[in-house]
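Just below is one structure, and these are the notes that go with it.
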4 protein chains.
Amino acid sequence: MIDTNGQSRLDRVPVTTTVLKLSCPDRVGLLSRITTFFAHHGGNLLEVHQFADPIGSWFFTRIAIETETLALELPALRKAFAPLANDLEAEWSLRTNAEPQRMVVLVSKTGHCMADLFWRWRSKELPVEIPLVISNHEDFREMVEREGVEFRHIPIPDSGDRDEAFSRMLETCEAANPDLIVTARYMRVLPDFFCKAFSGRLINIHHSFLPAFEGANPYRRAYDRGVKLIGATCHYVTPDLDAGPIIEQVVERVEHFHLPEDLLRLGRDCERLALSRGIRYHVTDRVLIHGNRTVVFRD
Amino acid sequence: MIDTNGQSRLDRVPVTTTVLKLSCPDRVGLLSRITTFFAHHGGNLLEVHQFADPIGSWFFTRIAIETETLALELPALRKAFAPLANDLEAEWSLRTNAEPQRMVVLVSKTGHCMADLFWRWRSKELPVEIPLVISNHEDFREMVEREGVEFRHIPIPDSGDRDEAFSRMLETCEAANPDLIVTARYMRVLPDFFCKAFSGRLINIHHSFLPAFEGANPYRRAYDRGVKLIGATCHYVTPDLDAGPIIEQVVERVEHFHLPEDLLRLGRDCERLALSRGIRYHVTDRVLIHGNRTVVFRD
Amino acid sequence: MIDTNGQSRLDRVPVTTTVLKLSCPDRVGLLSRITTFFAHHGGNLLEVHQFADPIGSWFFTRIAIETETLALELPALRKAFAPLANDLEAEWSLRTNAEPQRMVVLVSKTGHCMADLFWRWRSKELPVEIPLVISNHEDFREMVEREGVEFRHIPIPDSGDRDEAFSRMLETCEAANPDLIVTARYMRVLPDFFCKAFSGRLINIHHSFLPAFEGANPYRRAYDRGVKLIGATCHYVTPDLDAGPIIEQVVERVEHFHLPEDLLRLGRDCERLALSRGIRYHVTDRVLIHGNRTVVFRD
Amino acid sequence: MIDTNGQSRLDRVPVTTTVLKLSCPDRVGLLSRITTFFAHHGGNLLEVHQFADPIGSWFFTRIAIETETLALELPALRKAFAPLANDLEAEWSLRTNAEPQRMVVLVSKTGHCMADLFWRWRSKELPVEIPLVISNHEDFREMVEREGVEFRHIPIPDSGDRDEAFSRMLETCEAANPDLIVTARYMRVLPDFFCKAFSGRLINIHHSFLPAFEGANPYRRAYDRGVKLIGATCHYVTPDLDAGPIIEQVVERVEHFHLPEDLLRLGRDCERLALSRGIRYHVTDRVLIHGNRTVVFRD
């Protein structure tokens, strides 16, 4: 169900970019030192984003450089940049977009988000590769395998010790060498050790505009509360349920005549949009996490 | 600061309408019986809204009738309608829009919502009359009196017994014979007896998209939580703080570079819109409350 | 790529409904006469919408009745209703939702809208059946046939006489006995005779917020004009290009850093939403056309 | 009708900033050279925005510097920066926000936008000063003068030679030494010589989502076209009517039951928001014009 022709006709010739993502304590002259470094190595800056947070006194930047203008290969560039980064006490990464990020999808019995991600992957809208889907149910095996993707069924017991199952899931994930794990309507609470193992690269879609309606059955609770808008939140998963850093939120107006099943229907569109956009920002190195907030240099 | 010319040029000649608002247990044939009643009395129906809630099995309707086509005057019409309403076990009202509703405004030190309501009143966008403003501070006396509106300063003690002050406020309100009390950024929690005295006609604007960030300092907490949208909620006040039936919600997208003071600024526009729209729906008899939900037949 | 489990769990047991759609010159007592007719035949009204247009003096209604409460079968009900409808000089239909509407899809080389419609059909979100896809290219044959849907390739010559090809397309459509034809990014202008043959049941998605950017290359022209929002419009097709009655519009904010290919990407989400919602309203008998405007009783 | 207390309580202590706005042909090393210049003069960068347009190969930047960290006073800083700017073939400005911009308002008989601007000015939300209002009608004299603002009535003849009147208006504007002229629902088409005299600092609010419904009566035409959304556009005025560079657009959904006067009502809220936001971006040096497009570094 894939269209690989439609979008690319109008796209310009893609350029390989090298992206610096960096955050550090704010001080005078930061941007000058960093851009001078890349100018020194011949880099043509395609996109520069910078944000100096005056409350936390923290500095964030994302710099996209035309790879072929750089005098150094990536490993050498990283090595050359390290002393400056150390001096700035920075958290940083330097990556190229030459390889799509590897994304493992976790799903239960609600498949609209996964189907949407598959479509955006296959149509090249989303620069990812999906090597593996893991589910606590068998329902989507056929659909996933038909896409040529490995499907692993790892049931989670309804009660008792779940750690064994989640440990197996963690090992299965790690074996796929993922850059990113996405819980695309995965209906089990993940244990702390799983959240921590993939800290900063585990993304969830929650079907409410957080922090409203954390936890189970948000649409039903939204209906009962009589809200006039519903929404979806794409966020990083932390051990605190539905309390991790928010990447993207999408809302939709509702009215008194919308029943809980209408909220589900309208909410699905919010979920698809919020999740696919959040993932897009993440895999294009546009999200920087600081504490419980995110800096998102949108495109 | 009023424009009484601009809007009316394109408005059609206003028609006096008589509005029925009714809710009752759902059953077969309700709308037929009600519309037949008005057809029998010659009423030309200008607008009919109906909603049958399949979950609560409850029926809601709002019917606007061209007053001059009705064979009976309002008191006689009410009397004629009462037996049918009783038979339906209905909660109902029959009103004309000939007289604007009387609205008392409560305010503290943040005046943008009050200023907006004044403007919409004076420009005839909002069919209300504002006979009285009450504040726990003196700040807005000059501004309010300049508009020819009575201003009453009723301070609320920071600690200790506040009931005496709120009792005086209740009496002052009642003396103004209000159809509606609006807390337009009034920064004191109202006691139960006050909320109950004006049940169903006491409207608040809360500066968050409820149920997120109930209580104090919602913008600061929204900033700290790192949400990607902020909002405002117009709702009826009940003894449960910020938990009453919601009439209208307005949201605005925010990004990482929006500081708490930016949220305040953007939020003011949300508040103005949500409050003025919520009031508009209320004073034009477009809101029906049922439990903690509202049916809003928007215009 | 289908999820038939996810949504239905929370849906209530579906009820077969019979829907009246009616428009006629406005006059006193209309709704009373119509609802009394159905009350007389035992019909339990699930949903009633009514709109009396004061400018055109025209009356519109949609009434959804619980089929099993009706004393008459559909053909008999239609026969019983006809005299009243004639008396009202009404345009009307009485249908049940027992059978999904048959929808033929026309597509060229851009497949995101078709893929979205397939997904909503298979997941039962959209109550339609898709028996046939027609394209002026071969690109989607495999994808369409994999879904078990007939695919017909009808090339349209770039220049010269196209009427023969379009006549064949018209016949092919008619042979599929469609309730609805959807041009889901079909990149050929349809001739008048085709538009007229399916008047009122031919729906297009245009990739701009009409009436801005009618015709070709709307995203590029939106970029050149420097607009701060883009959008998509779902509308009925008439012989006037992109000028038919609008059913639904969806917009998205854009900024200076969004290049034409970004507008395409963001626009795809607008198109999917506007088209699928417009189709939903149409196939659930929620759209009434009057002149060049639509009345849409949304759900 | 002003609240000078509400907002400032939560605002942090304001910092005087010096803002560079610059655009020039794109080339390698631009940002490095510019930020190094300011680092050299001790400037602490509070906010840096940069956009390199890959289609036009043009570079745009806005840099806000904490004034008191700069080693040079503004005139000396400008002098020091000039050689670099010349070398870059740049269009540029260096300003401080110490003085609010002077804004002249032109209005006809529709006052909601002007009233809104007055309120935002008086509440210090908008960093402007309004020394003068000019109108082709007398209607708002009292309201304007009550605010302590000079009011000038310059009637424009309905037919015949209007140049004399517009010349007088131009002189009156220039005498007020304005940084910005705003046509806040001014209902006369301005002549070319007036548009050119204030090129880049003449801002209009048009009551449609341009380019739809350029020219007169946009709401009525929106109603007749049956659009499902209306809007307002804030743009720079050029001799081409309603075709100048767009700064901001705001839209609102409408439905079939919204009559032309409802569009006017809902549109007023769009107009207020779009105009006040557009002005805010302009007076805080956040808008760079290039051809018929704008780069807006929003806050």
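The values are calculated or read from the model by the stated rules, or taken from the named source; none is laboratory data. A quick note: this is a predicted structure, and the numbers were derived from the prediction, not measured. So basically every Cβ, Gly included, is an ideal-geometry build from the backbone, and we count neighbours across all protein chains shown.
Test B:G43 against the stated conditions and say whether it is more than 27 Å from the chain's Cα centre (by Cα) and assigned to a loop (DSSP other than H, G, I, E, B).
Here the answer is yes, as B:G43 does meet what is asked.
Mind checking whether some residue in segment C:110-125 is more than 14 Å from chain A (Cβ to nearest Cβ), closer than 27 Å to C:N177 by Cβ, among the acidic types (D, E) and touching a residue at least 24 places away in the same chain (Cβ under 8 Å)?
Taking every residue of segment C:110-125 in turn, none turns out to be more than 14 Å from chain A (Cβ to nearest Cβ), closer than 27 Å to C:N177 by Cβ, among the acidic types (D, E) and touching a residue at least 24 places away in the same chain (Cβ under 8 Å).
For segment A:88-109, filtering for residues that are within 12 Å of another protein chain (Cβ to nearest Cβ) and touching a helix residue (DSSP H, G or I) at 6+ places or on another chain (Cβ under 7 Å) leaves 1. Scanning for something free of Cβ contacts under 8 Å to residues at least 60 places away in the same chain, within 12 Å of chain B (Cβ to nearest Cβ) and touching a Pro at 6+ places or on another chain (Cβ under 8 Å), does segment D:140-150 turn up at least one residue? For segment D:140-150, residues free of Cβ contacts under 8 Å to residues at least 60 places away in the same chain, within 12 Å of chain B (Cβ to nearest Cβ) and touching a Pro at 6+ places or on another chain (Cβ under 8 Å): present. Of all the criteria given as (1) more than 22 Å from B:G111 (Cβ to Cβ); (2) polar (S, T, N, Q); (3) in contact with a helix residue (DSSP H, G or I) (Cβ under 7 Å, 6 or more places away or on another chain), the one not satisfied by B:N177 is (3). Whether a residue is out of contact with any Lys or Arg (no Cβ under 6 Å at 6 or more places or on another chain) and assigned to a helix (DSSP H, G or I) was assessed, and B:M187 does not pass this test. Just one residue in the set A:E252, A:E261 is under 22 Å from the mean Cα position of the chain (by Cα) and more than 10 Å from chain B (Cβ to nearest Cβ); that residue is A:E252. Considering B:T238, B:T233, B:T284, the condition of being among the polar types (S, T, N, Q) and within 30 Å of B:I65 (Cβ to Cβ) is satisfied by B:T284 alone. Screening C:T294 on (1) at the interface with chain D (Cβ under 10 Å from one of its Cβ atoms); (2) more than 13 Å from the chain's Cα centre (by Cα); (3) more than 26 Å from A:V250 (Cα to Cα); (4) not aromatic (F, W, Y) shows it passes everything except condition (2).
Of the residues making up segment B:273-298, those that are in contact with a strand residue (DSSP E or B) (Cβ under 8 Å, 6 or more places away or on another chain) and either farther than 24 Å from A:D224 by Cα or among the aliphatic types (A, V, I, L, M) (or both) are B:L273, B:A274, B:L275, B:I279, B:V283, B:T284, B:V287, B:L288, B:I289, B:V295, B:V296. Within segment B:265-291, track down each residue that is over 28 Å from B:R253 (Cβ atoms) and facing chain A (nearest Cβ under 10 Å). Passing the criteria: B:L288, B:I289, B:H290, B:G291.
Scanning segment B:47-63 turns up no residue that is over 26 Å from B:R298 (Cβ atoms) and within 14 Å of chain C (Cβ to nearest Cβ). Residue pairs whose Cβ atoms lie under 8 Å apart, sitting 6 or more positions apart in sequence or on different chains, and linking a residue in segment A:163-176 that is in the same structural domain as A:C195 (by TED's automatic domain parsing) and more than 13 Å from A:A197 (Cα to Cα) to a partner that is hydrophobic (A, V, I, L, M, F, W, C) and assigned to a helix (DSSP H, G or I), are A:D163/A:F193. Restricting to segment A:38-68, name every residue that is touching a helix residue (DSSP H, G or I) at 6+ places or on another chain (Cβ under 6 Å) and of a type in the set (F, W, Y). Selection gives A:F59 alone. Condition first: under 13 Å from the mean Cα position of the chain (by Cα) and either charged (D, E, K, R) or crowded, with 24+ Cβ neighbours inside 10 Å (or both). Can you find one or more residues in segment D:209-218 that meet it? Taking every residue of segment D:209-218 in turn, none turns out to be under 13 Å from the mean Cα position of the chain (by Cα) and either charged (D, E, K, R) or crowded, with 24+ Cβ neighbours inside 10 Å (or both). Just one of the numbered conditions (1) within 18 Å of B:T96 (Cα to Cα); (2) away from chain C (no Cβ under 11 Å); (3) surrounded by fewer than 17 Cβ atoms within 10 Å (Cβ to Cβ); (4) not acidic (D, E) is not true of B:L77: (3).
Given the criteria buried (at least 19 other Cβ atoms within 10 Å of the Cβ) and touching a Lys or Arg at 6+ places or on another chain (Cβ under 7 Å), does A:I230 qualify? Please lay out each step first, then the result.
Details: buried (at least 19 other Cβ atoms within 10 Å of the Cβ): yes; touching a Lys or Arg at 6+ places or on another chain (Cβ under 7 Å): no.
Spelling it out, it is not the case that A:I230 is buried (at least 19 other Cβ atoms within 10 Å of the Cβ) and touching a Lys or Arg at 6+ places or on another chain (Cβ under 7 Å).
Can you name every residue in segment A:17-29 that is touching a helix residue (DSSP H, G or I) at 6+ places or on another chain (Cβ under 9 Å) and not small (G, A, S)? Passing the criteria: A:T17, A:T18, A:L20, A:L22, A:C24, A:V28. The condition of being assigned by TED's automatic domain parsing to the domain that holds C:H112 and within 18 Å of the chain's Cα centre (by Cα) holds for only one of C:R225, C:R277, that being C:R277.
Among the residues of segment A:234-280, the ones that are in contact with a Cys (Cβ under 9 Å, 6 or more places away or on another chain), over 20 Å from C:R265 (Cα atoms) and buried (at least 24 other Cβ atoms within 10 Å of the Cβ) come to 3 in all. Considered as a group, the residues in segment B:214-246 that are β-branched (V, I, T) and in contact (Cβ under 8 Å) with a residue 40 or more places away in the chain include one that is nearest to the other protein chains (Cβ to nearest Cβ), and that residue is B:I246. Scanning segment A:19-38 for residues that are crowded, with 21+ Cβ neighbours inside 10 Å, in contact with a strand residue (DSSP E or B) (Cβ under 6 Å, 6 or more places away or on another chain) and within 7 Å of chain D (Cβ to nearest Cβ) yields one hit, A:L31.
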